[in-house]
Structure formats: C-alpha cells, structure tokens
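> Mind looking over this structure? Questions follow.
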Amino acid sequence: MVKQVRKPLMAGNWKMHHNHFEAIQVVQKLAYRLEADDYDRCDVVVCPTLICLRSVQTVIESDRMTIGLGAQNCYFEEKGAFTGEVSAPMLAKMNVQYVIVGHSERREIFGETDEVVAKKTRAVLGAGMTPIVCCGETLEEREADQTTEKVSGQIKAAFHGIKADDIAQCIVAYEPIWAIGTGRTATSQEANDTIGVIRSVIRQMAGGAADQVRILYGGSVKPSNVSELMGMPEIDGALVGGASLDPDDFAKIIKF
Ligand code: 13P
C-alpha cells in the first residue's frame, strides 16, 4: 500500500491553552475557514483541554462540523478511586474519537512510563477510540545516535501484545522533543527517516498493518513548513501545538 491510501490527518493539540469560551470560538472560526474539499483531502482533529471537551463537542455536533474531537490524555482504569482522572469509556461516551497517549510532556513532567503508555493505549482501543501514540527522542539522544533505539523501544512497548488489526487503527505521532515549542523543526528528511524506522518496527510487530497506520510528525509545524513535511512519503499528517491555537494558522496548515 502506498501513502495515497492513507488519508492525511491534521490534529491540533491545544495543550493547556484556551478556556471553554475561547475553545468554542476557535473551533467555530476554524470550521468557518474550512471547506468541504479540505475535509475530503484531510481529517481534522482538535484536542482541547479536558474541561473544554463538552463545550467543543456540543458545537461540533450542533453545527454538524466534520471536525474530529480528541482528548489529550485519559487514565487506563475504567472507574474507581482515582481522584482527578478521567477514564477512556467516559470520553467515548461523550463522542470523543481520539486520545493522545504518551505525549512527551506527560512522560517528562508527569512521569508516564512506557508501561503506563501501553495500558492507556489498550484502554483507548478498548473503549472504541483511536489512540494517537506519541514517541520521540531528546536532543542528547539524537546527538548520541540513539534516536532509532529510543523510538523503537517506545513503539514496541506501546503496542506490545496488541492485535495487528487493532494496531492498524492506531495513529502514531513522532515528536522529537527538541523540536517541540522551540521553533526548531526536524528537517523533512530527518522526520521522514525516523518515521520510516517507526513504520518498519510496526511492520515487524503487525505485518501489513504498518501500511495502514498513519504516522504524524509533530514539533514546530507551521504554515510555512507544512508543505515540505507533507511532501515526504512517510509523513501522513501533523500533530500541531502552538500553531493550532490560532484558527487562521491551523486552517492554513490543513490546506497545506
Ligand atoms: P509545537 O507545535 O508547539 O512545537 O508542539 C508540538 C506538540 O507537542 C504537539 O503535540
């Protein structure tokens, strides 16, 4: 299978930005800027903060927008005494379709291990949603030539024991940590090469499913660099942080 059959996907990770009033405005402005053929060419997803999900979901559904809804995190248990956490079935019940799992900020700031990322990946799949599994190396690891080892280990851990059919439904985001929020993008060649490594790891684990998995690049994606990145054969879309907060910029990225 070649890239053309994998529909590009542009996901905006709003991180801890936009209160629920702002989130509603941004999704409305974004929808206003997009046309039917943008959605035909490309899947569009927004991932607001947890407390904005309900407001954004209501706007998406009442205005019949073709924008997908994603959460930035969830817990792997279904219910119980886990103060402050939200479960995958709770998100699914609210028509959330995607959940970002194992973002480097969760791993670095909140101590999420590969094991936790694997449990969350299973929980999201089990609730019928699509995990966006993140991986990526630090600058030190890149400079020490450990990129392949790092991302391969993260991907093997996240998908360990998951059936090939389920892996095929997943999305992966390769986000080199040194390129996140720094203005420094991996070159399109660097991104393409590492995504190629990720796809070959998935092929070892799940055979032909590797051709179905959409693998996104993330890290300082902007309207000015998206076309070059999307011109690479292995890159199926982008997980966009800063530039997705502005509906004009995110619309330009979607229309790459
Ligand atoms: P920036 O686009 O702000 O670099 O963030 C990337 C990211 O972490 C998306 O998940």
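> Which of the aspartates and glutamates could a cross-linker span from LYS93 if the Cα-Cα distance has to be under 13 Å and same-chain partners fewer than 8 positions apart are dropped?
GLU78
> Charges only on Cβ, +1 for Lys and Arg, -1 for Asp and Glu: so what's the dipole of the chain about the Cα centre, in debye to the nearest 20?
540
> In whole percent, what relative contact order does the chain give with Cα contacts below 8 Å and a gap of six or more residues?
22
> Then there's this: Looking at the range 164-238, which trypsin sites (Lys or Arg not before Pro) are DSSP coil and have at most 15 other C-beta atoms within 10 Å of their C-beta?
Hits after loop and neighbour filter: ARG184.
> Can you send over the carbon and sulfur percentage of the accessible area for the chain, probe radius 1.4 Å, protein chains only?
On the chain, the fraction of accessible area on carbon and sulfur atoms equals 51 percent.
> Strictly greater than 26 Å: what percent of every Cα pair in the range 144-256 meets that?
Across the range 144-256, Cα pairs with separations above 26 Å total 20 percent.
> Right, here's the next one. Farthest toward the dipole's positive end in the chain, which of THR148, HIS103, CYS47, given Cβ charges of +1 (Lys, Arg) and -1 (Asp, Glu) about the Cα centre?
CYS47
> So, one more: Could you order THR66, THR147 by accessible surface area, starting with the largest, using a probe radius of 1.4 Å?
THR66, THR147
> So with the 1.4 Å probe, I'd like the accessible area per residue for the chain, rounded to whole Å².
Heavy-atom SASA per residue in the chain reads 45 Å².
> Using 12 Å as the cut-off for backbone N distance, which residues of the range 219-256 belong to the label zone defined by a point 7 Å from the Cα of THR182 along Cα→Cβ?
Answer for this model: 219-220.
> Let me ask another. Looking only at Cα atoms, what is the convex hull volume of the range 100-178 per residue, in Å³?
79
> Taking the dipole about the Cα centre of the chain, with the C-beta of Lys and Arg at +1 and of Asp and Glu at -1, give me whichever of GLN28, HIS160, ILE198 is farthest to the positive side.
GLN28
> Quick check on the chain: what are the equivalent-ellipsoid semi-axes from the Cα gyration tensor, as sqrt(5λ), descending, whole Å?
25, 22, 18
> Continuing with this model, one more query. Could you tell me the calculated FRET efficiency between ASN95 and LYS156, based on Cβ-Cβ distance and R0 = 30 angstrom, to the nearest 0.05?
Result of the calculation: an efficiency of 0.45.
The values are calculated or read from the model by the stated rules, or taken from the named source; none is laboratory data. No experiment lies behind these values; they were computed from the predicted model shown. Here the Cβ is made from the backbone with ideal geometry for all residues, glycine too, and neighbour counts use every protein chain on show. Please note that ligands, DNA and RNA were not included when accessible areas were found on the heavy atoms of the full protein model with its side chains. Shrake-Rupley method; radii C 1.70, N 1.55, O 1.52, S 1.80 Å.
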